[in-house]
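Notes follow once the structure below has been shown.
Rule-based calculations on the coordinates, nothing more; no lab input. Predicted, not measured: the structure shown is a model, and the values here were computed from it. Glycine also receives a Cβ, built like all others from the backbone with ideal geometry; neighbour counts cover every protein chain displayed.
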Amino acid sequence: MKFFIDSASMEEIKKAEALGVLAGVTTNPSLVAKEGADFHERLREITALVPGSVSAEVIATDAEGMIREGRELAAIAPNITVKVPMTLEGLKAVRTFSESGIQTNVTLIFSANQALLAARAGAAYVSPFLGRLDDIGQDGLDLVETIAELFDRHAIDTQIIAASIRHPVHVTEAALRGAHIATVPGKVLEQLTQHPLTDIGLEKFLSDWQKTQK
Ligand code: E4P
């Protein structure tokens with residue numbers, strides 16, 4: 001499983017990029033708004049820094065509008081992936097993008113059927129939202145597993161991005177259950193590096209090393 005960062009913060013993205021594990025970035029309008037940044041300008045900055053896929057979401061709700069916006073977004077950089085919501089209009093737009101060689105990430109996936117349809121429309125990625133399903137008492141990880149099984153059984157090569165990740169257990173479990181990618185908030189990415197025994201162990205090694213300095 002690969003790691004994307006789910007963020008529009010240049011500070012977070014730079015930190016993640018420096019770790020050497022970053023395969024891409026997902027953004028959404030809420031994440032860019034939180035940064036107080038200009039949408040297109042921020043995407044230019046992110047795509048200049050990260051060579052992998054950078055998801056940029058359309059806000060039109062009709063297929064024609066999504067296609068127009070998506071083409072503008074795709075013109076920002078070759079590594080832009082157009083993020084399209086899982087709607088009837090969204091599916092039509094995904095088909096058009098796929099026919100013209102523009103990669104899409106179908107977002108707001110909450111069921112296996114939505115994922116199957118998005119894949120068949122030509123999506124490069126589907127994004128099941130784990131945390132938001134957990135919030136309403138459903139198991140987001142079960143959904144990832146079901147989608148992974150279906151894609152495997154039907155030889156579908158659309159990649160599953162485990163999204164709406166809230167904590168490190170989501171990450172491990174998403175990997176176990178077949179997600180190809182986890183898009184992880186900066187805070188969770190940092191949590192993944194930490195363990196109290198690592199800190200205690202390092203402290204001990206450093207203090208023992210001092211004893212060797214005669
Ligand atoms: C994914 O592409 C979305 O941007 C994101 O994971 C949504 O997460 P949230 O439920 O924490 O807003």
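Rounded to the nearest 20 debye, the dipole magnitude of region 2-211 is 260 debye, with +1 charges on Lys and Arg beta carbons, -1 on Asp and Glu beta carbons, and the Cα centre as origin.
What's the angle, to the nearest 10 degrees (0 to 90), between helix 88-99's Cα axis and the longest principal axis of the chain? The angle comes out at about 80 degrees. In order along region 24-35, the phi-based Karplus estimate (6.51 cos²θ - 1.76 cosθ + 1.60, θ = phi - 60°) of 3J(HN,Hα) comes to x, 9, 10, 10, 8, x, 5, 5, 5, 4, 4, 7 Hz; Gly and Pro are listed as x.
The angle between the Cα long axis of helix 10-19 and the main principal axis of the chain comes to about 60°, on a 0 to 90 degree scale. Residue exposure proxy: Ile5, Ile67, ordered by other Cβ atoms within 10 angstrom of their Cβ from fewest to most, comes out as Ile67, Ile5. Here region 86-140 and region 197-214 have alpha carbon centers that stand 49 Å from each other. Calculated translational diffusion coefficient of region 27-140 (37 °C, 0.692 mPa s; Stokes-Einstein with Kirkwood radius over alpha-carbon pairs) equals 229 µm²/s. For Ile109, the residues whose modelled amide H falls within less than 5 Å of its own, excluding neighbours fewer than 5 places apart on the same chain, are Ser127, Phe129.
Here is the size of region 2-211 from its Cα atoms: Rg then Dmax, 18.3, 70 Å.
In order along region 125-142, phi translates into HN-Hα couplings of 9, 10, 10, x, 9, 4, x, 5, 6, 4, 4, 9, x, 10, 8, x, 5, 4 Hz, rounded to whole numbers, per the Karplus curve 6.51 cos²θ - 1.76 cosθ + 1.60 with θ = phi - 60° and x for Gly and Pro. Mean separation of Cα pairs under 8 Å and 6 or more residues apart, divided by the residue count, gives region 48-93 a relative contact order of 45 percent.
Please give the calculated 222 nm ellipticity per residue for the chain, where each DSSP H segment of at least 4 residues contributes -39500 (n - 2.57) and the sum is spread over every residue; nearest 500 deg cm²/dmol?
Calculated at 222 nm, the ellipticity per residue is -16000 deg cm²/dmol.
Panel order for Met66, Met86, Met1, Met10, by other beta carbons found within 10 Å of each beta carbon, from fewest to most: Met10, Met1, Met86, Met66. Considering only alpha-carbon pairs that sit under 8 angstrom and 6 or more positions apart, the relative contact order computed for region 1-53 is 41 percent.
Note: relative contact order over the chain, using C-alpha pairs below 8 Å and six or more positions apart, is 17 percent. Axis of helix 196-211 versus longest Cα principal axis of the chain: the two differ by about 40°, to the nearest ten degrees.
Legend: ranking of residues His170, His154 from fewest to most surrounding C-beta atoms inside 10 Å; resulting order His154, His170. When DSSP beta bridges are restricted to pairs lying wholly in the chain, around 0% turn out antiparallel. Within region 80-126, the percentage of alpha carbon pairs spaced more than 18 angstrom apart rounds to 11%.
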